Amino acid sequence: MVTRRGALAGGLGALGALALTGGAGAALVEAEVLPGKVWLDRTLGRCGRLPSAPPAPGVLRTRTFASRRRGTDVTVVTVLPAGVPSVRGLGVAVALHGYGATASSVVGSLALDHYLTEAVARGGVPPYALVAVDGGAAGYWHRRANGDDPLAMIRAEILPWLRGQGALTGRVGVIGWSMGGYGALLLAQTLAGGGGPRAAAVVASSPALFSGYADARAANRLAFDDAADFARNDVFARLDALGGVPVRVDCGASDPFAPMARRLLERLRPEGGMGEGCHDYAFWRGRLPAQLAFLGRHLAA
């Protein structure tokens, strides 16, 4: 799970501010004039509790292969609704994990098979497959100076493999959380370039977005190789590429990435929006039913 490095510093700053100014300090933190709102909201219990997953599990298929595009062994977890034995004849949504996570950990932490089964059984969504892939714990879902290229892996290795299994990959959905939320937007923009599968819909849950390279480096020096790398992969500079692609963005008001999420919402006017919550699995699970229904509707369109 990704948190901005500044969140801790902001929390400590808020402690000092509150000690000095009492109720007035709390009001300034609440209004985001003083730093520490994320810390304050978590302390006040505004982040919410982790929802219980729907009871019925789905089907999980795990595969590990040697990725040429990433230069390492990669795990792929295919998530199917209960009672569905394979991807044959199904639409596909690629699932991108957050910083420090893996394909297996994001499937387990979010109980994706349970939520997908529930979406199909009770949400009126036709069956489809969620395919979680390893993109590197700190790679930020774009080509790096060392040659690691997770998006090329998805386009050139994962999707052709799924097509060979009978999946419908002419149009694909994309969903991601935190670092993966950023990656989901970037992948959808890449697919919009033509010459291959197109993006049917994209969901960015608490996307880890930055206002510039200095902001990114201050929060996570591993996110981009340098300023030029950031500029090449700045999703705000390429928002026109999402024209015609249905987009959903969700973010908690107590998330350290909330200001950039608001900027994205203003630019794109997507489905979803801001809500009470933090940068954690409690918020992400709470939004899953609506997000999976959104993907399912557009994959079936």
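Read-outs throughout are calculated quantities, based only on the coordinates presented, and are distinct from any laboratory measurement. What you see is a predicted model, and the numbers here were worked out from it, not measured in a lab. Virtual Cβ from ideal backbone geometry, glycine too; neighbours counted across all protein chains shown.
What percent antiparallel are the DSSP beta bridges of the chain, to the nearest 5? If I count the DSSP bridges inside the chain, around 30 percent turn out antiparallel. I'd like the orientation of helix 179-191 relative to the chain: the angle between its Cα long axis and the longest Cα principal axis, in ° from 0 to 90, rounded to 10. That works out to roughly 50 degrees. Ellipticity at 222 nm from helices only: DSSP H runs of n ≥ 4 in the chain, each -39500 (n - 2.57), divided by the residue count, give -11500 deg cm²/dmol. Unpaired cysteine residues in the chain (no second Cys Cβ under 4.7 Å): 251.
Helix 281-300 and the longest principal axis of the Cα set of the chain meet at an angle near 40°. The angle separating the long axis of helix 258-268 from the principal Cα axis of greatest extent in the chain is about 50 degrees. Ranking 293, 219, 85 by Cα position along the charge dipole of the chain, where only Lys, Arg, Asp and Glu carry charges on their C-beta atoms, puts 85 farthest toward the positive end.
Largest GNM mean-square fluctuation across 119, 200, 66, computed for the chain with C-alpha springs under 10 Å, falls on 66.
Diffusion coefficient (Stokes-Einstein, Kirkwood radius over C-alpha pairs, 20 °C, 1.002 mPa s) for the chain: 110 µm²/s, rounded to a whole number.
List the residues whose amide H sits under 5 Å from the amide H of residue 171, counting only those 5 or more places along or on another chain, with H placed 1.01 Å from N in the peptide plane. Answer set, sorted by chain and number: 198.
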